[in-house]
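Written below as C-alpha cells is the structure these notes are about.
FYI, it's all coordinate maths here, none of it is from the lab. Predicted model, so just to flag it, every value in this text is computed and none were measured. Positions of Cβ are backbone-derived with ideal geometry, glycine not excepted, and every protein chain shown enters the neighbour counts.
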Amino acid sequence: MIPRMYDLSGKVAIVTGSTKGIGRSIAEQLAHHGARVVVSSRKADACDAVAAEINAKWVRGPAEAIAVPCHIGHKDQCRHLVDRTLAKWGQVDILVCNAAVNPYMGSLMEMPDEAFDKIMSVNVRSNIWLASMVGPHMKAQRDGTIIVISSTGGLRGSAVLGAYGLSKAADMHLVRNLTVEYGPYNIRSNCIAPALVRTDFARALWEDPQRYETAIRSYPLGRIGEPEDISGIAVMLASKAGAWITGQTLVVDGGAMAAIGRYA
Amino acid sequence: MAETPEEMFDLGGKVAIVTGSTKGIGRAIAEQMAALGARVVVSSRKADACDQVAAEINAALDGSAGEAVGIPCHILHREQCEALVQRTVDRWGRVDILVCNAALNPFLGSLRDIPDEAFDKTIDANIKSNVWLTNLVIPGMIERRDGVILIIGSTGGLRGTENLGTYAMTKAADMQLVRNLTVEWGRYNIRANCIAPSLVKTDMAKALWSDPRRLDIVNRSYPLQRIGEPDEVAAIAVALASRAGQWMTGQTIVVDGGMMAGSLVSEA
C-alpha cells in the first residue's frame, strides 16, 4: 500500500536525464509511488530500456513509464517532450529538471565562452523553457510541482567547478522566482541540492579509492550519497507531503554544509 | 515483480518520542508516524490528554502495525525529561526517533520589555530542554549506529520580528543545535534536522489567524495564498525520519507556503 501523504496515484511526471543516476532513481521512486512517468534523456534506446525496466520492477497502482527522448539544449525537443506527455496522458503534474552538463573543469578565469554558454543554457535556460511549457497546464488545473536538481556546488566557491556552481546557484533562484510567479496557482517549485553522489556524472570525484577516502572526511555521516538518498526527498516534495513547501532549496549532503571545515 | 523494492517511507519497528504531541503539528506527526508503523510516545504536560490522544491514534490505525502510548512530560523539568526517555525504553527497548516539538512563548512584545523570568523560561523550554532530551537519547543511538532527531523551529528564527524576539532567537538556536548535533554525532549515523514552518493553523498560533480579516491579509501575503495545515508540516518531518531522509542532516527545512522566497508585491 502506498502511504497516504506520499501517494502519487493519478499524477503524471516528466523527469529529464532519467536513464541514469539521480534522475533514474527519481523516476523509479515516482513510479513506485503511483505516478505515470516519462523517462527522458538524449538517447532513445536508453530511454526505452529504462522505461521497460521501471515497468517490470517499480510500478505500483496505476503507474506506468514511457520513454520520450529529449536533448534539453534544444527548445523544439523540450516542446516535443511536453507535447508527447500531454498527448499520451493529457496532463503533467510533476516536472523534475534533473539533466545538466559540466563540460569544463578548471578556473573560471580561463574558461572558454562556449563552455560557459553551454553550462548556462543547459543548466538554467532549459529549465526555464520546460517550466514555461508545463506552466499553463499546471495553472489551468491549479496544481503542480517543479523540482530542480541543483547542487551544494551552488552554495560555495569551487576551484574547478565555478561555472557549474554559478548555474546551480541560478537554479536556486529560479525556484524562488517560480514561487512568486506560479505560487498563486498552487504550483510549488523547489530545488534539491545534493553534495557528492555516486553517479556516472560525478565518477571523476569518487572512483579513485584514495580520492574517495579524502572526500568522505567532509561528510559527518561518513559516506557519499547514493541516488536513493535523493529520490525519496523528491517523492516527498512531489506528493501531498510537499503541498506547502515552495521556493526552497533542500540540501541533502550527509551533513557536509553543517560541518564545513570541521571534518577535514 | 521480480523483487520488492524497499519502502522509502516505512517506519515499521521504529520507536519515536514526540513532545507536545496532543495538539497541532506534534499530534499530526504522532498520527502520521503511527500510521507508517512506528511505536509512538504521545507526550505533553497533561497525562489525561496524552492518554486520550494515544487512544484516538490507536483507534484510527486501521490495521497498521503502529501503536501509540501516552507518557506525560513537562519539558521544563529535567527529571520529567529523564522519566519520559526511561519509560519509553522500559516499554519498547529504545528510542529511534526524537521529535522536539514542544515549545513555549510566554511573552508578546518588544525585547526591551521582556521580564527576565519570561526570557529564561523561553530559553529553557525551547533550547535547554532540547539539549537535555537529545543527550538522553543519543547514547542508545550511538550504540545502534542509527537515530533521527527532529526539532520544530520556525521561520521566526530567520528574520527579525517586532513582538516575538526571544521566541525567534530560540528558534534560531535550534537551527544551530542540529548543525552541532551533526558535527558531534553524525559519524554514528545520527541525523539531526530542523523544520521551520511559518504560520500554521494550530492552537498555539491562534492569535495570529483566528480573526478572519487578519487571516485574509496573511493568506494573501504567501505565494501559495494560504497558511499551513499541521499535516503539511508533519509529513516533511515524518519523511525525514524515514529512509527518504537517511543522507540529510544538519539542515533546516523551511516549510512556509513560499513566504521566505519572495513577495508577490513589488518591493523595488
>> Can you work out the Karplus-derived ³J(HN,Hα) for every residue in segment A:211-217? Use 6.51 cos²θ - 1.76 cosθ + 1.60 with θ = phi - 60°, whole Hz, and x for glycine or proline.
In response: 5, 4, 4, 5, 4, 6, 5
> Residue by residue, what Karplus-based ³J(HN,Hα) values in Hz, rounded to whole numbers, does segment A:30-45 have, using 6.51, -1.76 and 1.60 with θ = phi - 60° and x for Gly and Pro?
Replying inline: 4, 4, 5, 9, x, 7, 8, 10, 9, 8, 9, 6, 5, 9, 4, 5
>> Only four residue types carry charge here, +1 at the Cβ of Lys and Arg and -1 at the Cβ of Asp and Glu. Report the dipole size of segment B:174-268 about the Cα centre in Debye, rounded to the nearest 20.
In response: 140
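Got the relative contact order for chain A handy, in percent, Cα pairs under 8 Å and 6 or more residues apart? Spell out each step's value before the answer.
On the way: 553 pairs, mean separation 49.9, N = 264.
Relative contact order, chain A: 19 percent.
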>> Under the 0.36 nm per residue contour assumption, what length would be gained going from the current alpha-carbon distance of A:Arg4 and A:Ser132 to full extension?
In response: 43.1 nm
>> Helix check for chain B. Which DSSP H runs span at least 18 Å along their own axis by Cα, with a mean Kyte-Doolittle hydropathy no less than -1.0?
In response: B:47-60, B:129-144, B:165-185
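Per-residue mean of other chain beta-carbon atoms within 10 angstrom of the beta-carbon, peptide A:163-173?
Working: counts 0, 0, 0, 0, 0, 0, 0, 0, 0, 1, 2.
Mean shielding count: 0.
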>> With θ taken as phi - 60° and the coefficients 6.51, -1.76 and 1.60, list the Karplus ³J(HN,Hα) couplings across segment A:254-262 in order, rounded to whole Hz; mark glycine and proline as x.
In response: x, x, 4, 5, 6, 10, 3, x, 8
>> Given Cβ point charges of +1 (Lys, Arg) and -1 (Asp, Glu) and nothing else, what value in debye, to the nearest 20, does the dipole of segment A:41-174 about its Cα centre take?
In response: 300
>> Can you compute the charge dipole magnitude of the protein assembly as shown about its Cα centre, using +1 on each Lys and Arg Cβ and -1 on each Asp and Glu Cβ, nothing else charged? Give it in debye, rounded to the nearest 20.
In response: 400
> Check A:Val251: other-chain or 5+ apart residues with amide H under 5 Å from its amide H, H built from backbone geometry?
Replying inline: A:Ala193
> Excluding B:Asp96 itself, what net charge comes from residues whose Cβ is under 13 Å from its Cβ, given Lys and Arg +1 and Asp and Glu -1?
Replying inline: +4
> Which ordering of A:Leu8, A:Leu161 is given by a fewest-first count of other beta-carbon atoms within 10 Å?
Replying inline: A:Leu161, A:Leu8
> Counting only residues 5 or more places away or on other chains, whose amide H sits under 5 Å from the amide H of B:Leu164 once H atoms are built in the peptide plane?
Replying inline: B:Gly109
> Roughly what angle does helix A:75-89 make with the longest principal axis of chain A, taking Cα atoms, 0 to 90 degrees, to the nearest 10?
Replying inline: 40
> Highest GNM mean-square fluctuation, chain A, Cα pairs closer than 10 Å: which of A:Asp93, A:Asp143, A:Asp113?
Replying inline: A:Asp113
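Going by C-beta contacts inside 10 Å, put B:Thr19, B:Thr166 in order with the fewest on the left. Mind showing how you got there, number by number?
Working: B:Thr19 25, B:Thr166 21.
Taking fewest neighbouring Cβ atoms as first place, the list is B:Thr166, B:Thr19.
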> For chain B, what relative contact order do you get, as a whole percent, if you take Cα pairs closer than 8 Å and at least 6 residues apart?
Replying inline: 18
>> Tell me the net charge near A:Ser231. Cut-off is 11 Å between Cβ atoms, A:Ser231 excluded, with +1 for each Lys or Arg and -1 for each Asp or Glu.
In response: -2
>> Can you tell me the orientation of helix A:126-141 relative to chain A, as the angle in degrees between its alpha-carbon axis and the longest Cα principal axis, to the nearest 10?
In response: 30
>> With a 10 Å cut-off between alpha carbons and a GNM built on chain A, which of A:Val251, A:Val160, A:Val59 moves the most?
In response: A:Val160
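Calculated from DSSP H runs of 4 or more alone, at -39500 (n - 2.57) each and per residue, what is the 222 nm mean residue ellipticity of chain A, nearest 500? Walk me through the numbers before you get to the answer.
Values: 9 runs with 110 residues, N = 264.
Value at 222 nm, helices only: -13000 deg cm²/dmol.
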>> With just the Cα atoms defining each centre, how far is segment B:90-116 from segment B:168-198? Give it in Å.
In response: 14
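Compactness ratio of segment B:207-256: Cα Rg over 2.2 N^0.38 Å, N = residue count?
On the way: Rg = 14.5 Å, N = 50, 2.2 N^0.38 = 9.7 Å.
That ratio works out to 1.49.
For each of A:His33, B:His74, A:His74, count neighbouring Cβ atoms within 10 Å of the residue's Cβ, then give the residues from fewest to most.
Working: A:His33 27, B:His74 17, A:His74 14.
Ascending Cβ contact count within 10 Å gives the list A:His74, B:His74, A:His33.
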> When the Cα centres of segment A:11-26 and segment A:209-236 are compared, how far apart do they sit, in Å?
Replying inline: 19
>> Using amide H atoms built in the peptide plane, which far-off residues or other-chain residues are under 5 Å from A:Met111 H to H?
In response: none
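Across the residues of A:28-40, average count of Cβ atoms on other protein chains within 10 Å? Provide the component values of the computation, followed by the final result.
Working: counts 1, 3, 0, 0, 3, 3, 0, 0, 0, 0, 0, 0, 0.
Per residue, the average neighbour count from other chains is 1.
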